[in-house]
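Chemist: Mind looking over this structure? Questions follow.
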Amino acid sequence: MKHWIITIAAILGLGLQLGAQTITEDNILSRIDEKLNFQSDFSCQFTMVTYRAGSEPTTQQMSLFSRPEEIDGEEKFLAIVMKPDIDKGTGYLGQGDNYWIYDPESRRFSHSSARDSVQDSDMNNDDLGTANFEDDYKVTAMTEGKLGQIDCWIVDLEAIRENVDYQNIKLWVGKKELLPYKEQDFSLTGTLMRTVLAPKWSLIEGKYIYRQVFFVDEIRRGNKTILLFDNVSLSSLPNHLFTKAYLEGSSR
Amino acid sequence: MRYLHVAVKNVVREKRRSLLLAGAIAFGLAVIILVGSLADGIMDSFINQQAGMISGHVVVKGYRYSSRDSLVSWMEEGDPIFQESKEFFGDSGRINLRSTTMGTFINGSEARQQMIMGIDPMQEDDLKELLILDEGTFLSDENKSGILISGEIAEELGLKIGDSVMLKTRTLEGVNNVGDLVIQGIIADDLGTVSSMASFVHRSYLNEVLGISSNDYTELHIFLEDNKTTDAVTSDFWNYLKNKNTALVDRPENRQERQEILARLTTHDWEGIRYQLSSLEETFPFVYVIGIFLNGTSVLIMIILMGIILVGISNTLRMMIFERKKEIGTMRALGMQRGAVVKSFILEMQIIALIGVIMGALTALVLGVIIESINFDLGHTFLSLFLYRGHFTMSFLPFRFALSGVVILFLVWLASLLPSGKAAKVDPAKAIHSIS
């Protein structure tokens with residue numbers, strides 16, 4: 001009897017474990033969003049190195065602050081350029097679907113969109129916000145494969161909402177941590193337009209954080225942008241941080 | 001007839017003075033005609049180039065919310081606006097269906113942003129005539145992925161005929177997309193800045209890249225025979241559509257109101273399609289401001305020159321009368337009436353003025369031809385917008401010649417009145433006494 005109880009308990013335990021780990025087309029996107037998004041405020045500093053064919057690379061340092069939708073009812077982010085001095089004070093503010101760029105020289109805000117690039121890089125305003133694969137895309141195919149030595153789910157996605165930059169996306173998602181290590185973005189006609197690589201992650205307060213991200217322009221050869229994240233914190237941020245007044249004040 | 005004989009005799013008698021005076025009148029008239037013709041020619045040239053290349057004289061856009069709820073300008077093949085436009089304009093306007101977008105041409109690591117215009121090559125004979133190609137051929141239905149690109153951009157991107165170039169743009173829904181095009185023709189830079197304002201592709205191909213059906217379009221371009229009344233015609237067309245209960249975007253009174261009206265479109269509290277009508281004046285207001293400035297300048301020059309002519313004639317006549325005082329006295333003593341004195345002087349000045357007008361008109365024509373023949377080659381500067389293939393265009397209108405000539409003759413008559421009147425009042429006895 002005891003033998004059977006142990007066996008059944010083992011089978012049940014194994015079943016529970018398998019159930020917890022079973023990734024399917026129906027749940028992979030929500031699981032990725034869970035991994036990438038925080039329920040708390042987020043702040044960090046990042047260095048952005050932009051390479052343009054025929055030109056010297058440019059380096060900028062920015063401070064990034066973000067707040068998920070769950071806290072205030074709408075997603076918010078604020079990014080401020082700290083270096084170089086010529087761009088210092090330039091800011092990007094996002095509140096829900098509204099985006100603004102602040103120019104410290106003219107002291108004016110101009111309306112932007114999720115699709116506009118940040119500081120002429122290969123990264124868009126939208127890339128600074130939270131991931132939302134589950135709401136924006138559906139899985140059309142899912143296979144197993146490898147990215148280097150990493151076992152991955154290779155997932156093909158098709159857009160289901162209008163506010164997306166790319167109609168089709170291919171993700172390489174690590175099986176172990178369910179982190180997207182590589183993303184390929186395709187045009188409506190199926191042309192590869194951009195590749196995003198996130199080879200390095202850190203575990204901070206139980207959350208996985210990007211440490212390095214590469215945006216590679218597949219259309220214009222030689223163009224790419226590298227992001228290096230540092231000083232990451234998940235501590236609460238003051239409410240006034242995500243306002244135009246703060247951005248204007250911090251730029252003086 | 002008698003006065004004419006005397007007047008002609010006096011003109012011939014003082015050839016030098018007559019020629020100088022006629023020459024001054026000719027100069028003034030030539031300048032007036034040239035400045036006015038140049039102003040009109042520049043405006044005509046610019047307006048027709050802009051209309052032909054970019055916008056037509058009247059642009060119709062159809063705003064609607066797409067299936068994914070974004071506001072776009074997009075008209076489908078069956079939309080009634082095309083038929084309504086044909087009914088209104090009839091033979092007085094030509095209607096072309098076009099699709100437009102902003103995109104980036106990419107060749108390797110080189111890139112250049114530009115407006116892309118999707119056209120139906122078989123319907124665009126006027127554009128074909130306007131675009132001078134350095135190399136290659138105009139678009140055709142046989143090769144729908146062909147593109148006409150300006151020489152400046154081809155050089156910048158290192159492209160030649162037959163090369164492929166990638167076009168990066170967004171669909172009407174805003175999704176990133178690319179197209180692969182083949183260089184079919186390279187537009188000559190003769191049109192200056194206008195040459196590189198847009199590249200041209202087949203509408204059906206561009207529609208594919210924009211994610212819409214091949215026969216759909218984003219703009220209706222209407223070309224009028226008379227480009228001077230675009231605003232009035234646009235308003236009339238708007239009223240015509242309004243009376244047919246067509247859903248329209250309000251016509252703005254000014255530029256700011258235009259922005260406000262467009263902003264109200266994004267409230268998404270309406271359905272279906274709403275048409276926006278814009279005249280070339282609204283699309284390129286600065287052109288018409290420059291036109292007003294040019295015409296104003298030519299009017300000012302005309303007023304100044306005519307004032308100078310007026311004063312010149314008057315002074316010259318006074319001098320002549322002073323010199324001929326004894327002659328006038330003698331003629332009066334012999335029985336010539338005052339009226340006859342006035343008539344003879346006026347006639348004399350009118351003959352000189354007529355000679356001047358003819359000389360001036362001929363001079364204006366010759367100088368105009370010379371000016372038109374000069375290639376100013378302003379490259380891709382702002383000023384090149386007002387040239388046609390590097391040349392100024394003169395708009396020699398018969399009425400301008402006629403009107404200027406008539407005004408000059410009238411002014412000369414006016415300037416002659418007072419001095420002639422004074423001459424007629426000369427006392428014959430005193431005049432003869434001065435001979436003695």
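Each reported figure results from applying straightforward, stated rules to the coordinates on display, with no laboratory input. Just so you know, these numbers come straight off a predicted model, no measurement behind them. Cβ sites come from the backbone with ideal geometry, for glycine too, and all protein chains shown count toward neighbours.
Chemist: How about B:K160: which lysines have a C-alpha closer than 24 Å to its C-alpha, ignoring those fewer than 8 places off in the same chain?
Modeler: B:K128, B:K144, B:K168
Chemist: Once you have the Cα-Cα distance between A:E25 and A:K170, take 0.36 nm times their residue separation minus that, and quote the gain in nm to one decimal.
Modeler: In short, 50.9 nm is gained.
Chemist: Moving to a separate point now. Cα axis of helix B:338-373 to longest principal axis of chain B: angle in degrees, 0 to 90, nearest 10?
Modeler: Orientation of helix B:338-373: about 30 degrees from the principal axis.
Chemist: Please identify, among B:D269, B:D180, B:D126, the residue showing maximal mean-square fluctuation in a Gaussian network model of chain B using a 10 angstrom Cα cutoff.
Modeler: B:D269
Chemist: List the lysines whose alpha-carbon lies under 25 Å from that of A:K244, not counting same-chain residues fewer than 8 positions away?
Modeler: Hits, sequence-local ones excluded: A:K76, A:K83, A:K88.
Chemist: Would you list, by chain and number, the lysines whose Cα falls below 30 Å from the Cα of B:K430, excluding same-chain residues fewer than 8 positions away?
Modeler: Cα-Cα hits under 30 Å: B:K9, B:K15, B:K325, B:K326, B:K343, B:K422.
Chemist: Separate question: In nanometres, what is the gap between the two model label sites at B:D134 and A:S233, each 7 Å from Cα along Cα-to-Cβ?
Modeler: Reported label-point gap for B:D134 and A:S233 is 5.8 nm.
Chemist: Roughly what % antiparallel, to the nearest 5, for the DSSP beta bridges in chain B?
Modeler: Details: 46 of 57 bridges.
Taking every DSSP beta bridge within chain B, about 80 percent pair in antiparallel fashion.
Chemist: Whole-Å semi-axes of the stretch A:40-250's equivalent ellipsoid, largest first, each the root of 5 times a Cα gyration tensor eigenvalue? Walk me through the numbers before you get to the answer.
Modeler: Numbers: eigenvalues 157, 81, 62 Å².
Working through the eigenvalues yields semi-axes of 28, 20, 18 Å.
Chemist: Is there a simple number for the mean count of other chain Cβ atoms within 10 Å of the Cβ of residues in B:171-183, and what is it?
Modeler: Working: counts 4, 0, 7, 7, 11, 13, 9, 10, 4, 2, 0, 0, 0.
Going residue by residue through B:171-183 and averaging, the value is 5.
Chemist: I've got another one for you. Please give the residues of the stretch B:344-360, grouped as numeric ranges, whose backbone N is less than 19 Å from a label point set 7 Å along the Cα-to-Cβ vector of B:T330.
Modeler: Under 19 Å, as judged by backbone N against the label point of B:T330, lie B:344-345 of the stretch B:344-360.
Chemist: Related question: What FRET efficiency, computed as 1/(1 + (r/R0)^6) with R0 = 35 Å and r the Cβ-Cβ distance, is obtained for A:T140 and B:T229, rounded to the nearest 0.05? Write down the numbers at each step before the final one.
Modeler: Working: r = 55 Å, r/R0 = 1.58.
It comes out at approximately 0.05.
Chemist: Please average, across the residues of B:104-111, the number of beta carbons from any other chain that are within 10 Å of each residue's own beta carbon, and give a whole number. Numbers along the way, then the final one.
Modeler: Numbers: counts 2, 0, 5, 2, 4, 9, 4, 6.
Whole-number average of other-chain Cβ neighbours for B:104-111 is 4.
Chemist: Separation between the B:I161 and A:R221 pseudo-spin-labels, each 7 Å from Cα along Cα→Cβ, expressed in nm?
Modeler: 2.6
Chemist: Loop-only check: which trypsin sites (Lys or Arg not before Pro) in the stretch B:137-237 are DSSP coil with at most 13 other Cβ within 10 angstrom? Before the final figure, lay out each step's value.
Modeler: On the way: sites: B:K144, B:K160, B:K168, B:R170, B:R203, B:K228; in loops: B:K144, B:K160.
For trypsin sites (Lys or Arg not before Pro) across the stretch B:137-237 that sit outside H, G, I, E and B with at most 13 neighbouring Cβ atoms in 10 Å, the list reads B:K160.
Chemist: Something else about it: Applying the Karplus parametrisation 6.51 cos²θ - 1.76 cosθ + 1.60 with θ = phi - 60° to the phi angles of the stretch B:75-83, what ³J(HN,Hα) value in whole Hz is obtained for each residue in order, glycine and proline being reported as x?
Modeler: 10, 8, 4, x, 4, x, 4, 5, 5
Chemist: Moving on. To test your reading of the geometry: what angle, between 0 and 90 degrees and rounded to tens, separates the Cα axis of helix B:15-50 from the longest principal axis of chain B?
Modeler: Computed tilt is about 10 degrees.
Chemist: Let me ask another. Can you work out D for chain B in µm² s⁻¹ from Stokes-Einstein, where Rh is the Kirkwood radius over C-alpha pairs, the temperature is 25 °C and the viscosity is 0.890 mPa s?
Modeler: For these conditions, the coefficient is 94 µm²/s.
Chemist: Further question: Please sort by residue number the trypsin sites (Lys or Arg not before Pro) in the stretch A:60-110 whose DSSP state is loop and whose Cβ has at most 12 other Cβ atoms within 10 Å. Walk me through the intermediate numbers first.
Modeler: Values: sites: A:K76, A:K88, A:R107, A:R108; in loops: A:K88, A:R107.
Loop-located and lightly packed - A:R107.
Chemist: For peptide A:185-194, what's the mean number of Cβ atoms from other chains within 10 Å of each residue's Cβ?
Modeler: Numbers: counts 1, 3, 10, 12, 8, 2, 7, 1, 4, 1.
Mean shielding by partner chains, rounded to a whole number: 5.
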